[in-house]
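Undergrad: Before I ask anything, let me first share the structure, which is written out below as structure tokens.
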Amino acid sequence: MKFAVAGISMMGAAALVLSGCSSDSGSDQAVGGMTECTDASMQEAVAGVYGDGNFEVSGYKCADGWAYVSTDPAEGEQGAPQMFIFEAEGQFWIPKDAAAVCGTYEDGTYPADATIPESLYDPACLVG
């Protein structure tokens, strides 16, 4: 009986050790996958901010793990068109505040302190 308990304990410990190992230990893959720049993922990202059905994506552009999304109110909803900036983190699009990621606007050129990619700067940061 003592041997059976010891054997089960050793098997449990081995399972814990092996579960911490990975066959792809050198990769930088995010757990759960990566975001995609698709109609569905952009609509899902916007729904995460305002709730599903409030806004419909009318356009988007993605670059270097960032996305700029323009929206219109959904049919039957009231409101004005909105724009959103998202940064990819693993499998999620995280909303970002334009004031925090667009940098210090001075002379119309891409600011040195901007974190959003330059290719998204004009539509995301110089709108409205």
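The values are calculated or read from the model by the stated rules, or taken from the named source; none is laboratory data. All of these numbers come straight from a predicted model, not from anything done at the bench. Quick note on the areas: whole protein, heavy atoms, side chains included, nothing else; ligands and nucleic acids left out. Shrake-Rupley method; radii C 1.70, N 1.55, O 1.52, S 1.80 Å.
Undergrad: When the chain is fully extended, how far beyond the present Cα-Cα distance does A47 get from A99, taking 0.36 nm per residue of separation?
TA: On the way: separation 52, 0.36 × 52 = 18.72 nm, distance 2.14 nm.
Full-extension gain reported as 16.6 nm.
Undergrad: On to the next question. Give, in nm to one decimal, the length gained when the segment between A40 and S58 is fully stretched (0.36 nm per residue of separation minus the Cα-Cα distance). Present the calculation step by step, with values, prior to reporting the outcome.
TA: Working: separation 18, 0.36 × 18 = 6.48 nm, distance 1.20 nm.
Stretched fully, the A40-S58 segment lengthens by 5.3 nm.
Undergrad: For E106, tell me the accessible area in Å² from a 1.4 Å probe, rounded to the nearest 10.
TA: Here the residue's solvent-accessible area equals roughly 150 Å².
Undergrad: Ignoring ligands, DNA and RNA, what percent of the accessible area of region 49-128 is carbon or sulfur (1.4 Å)? Could you put the intermediate results ahead of the total?
TA: Values: 2150 of 4690 Å².
Accessible surface attributable to carbon and sulfur in region 49-128 totals 46 percent.
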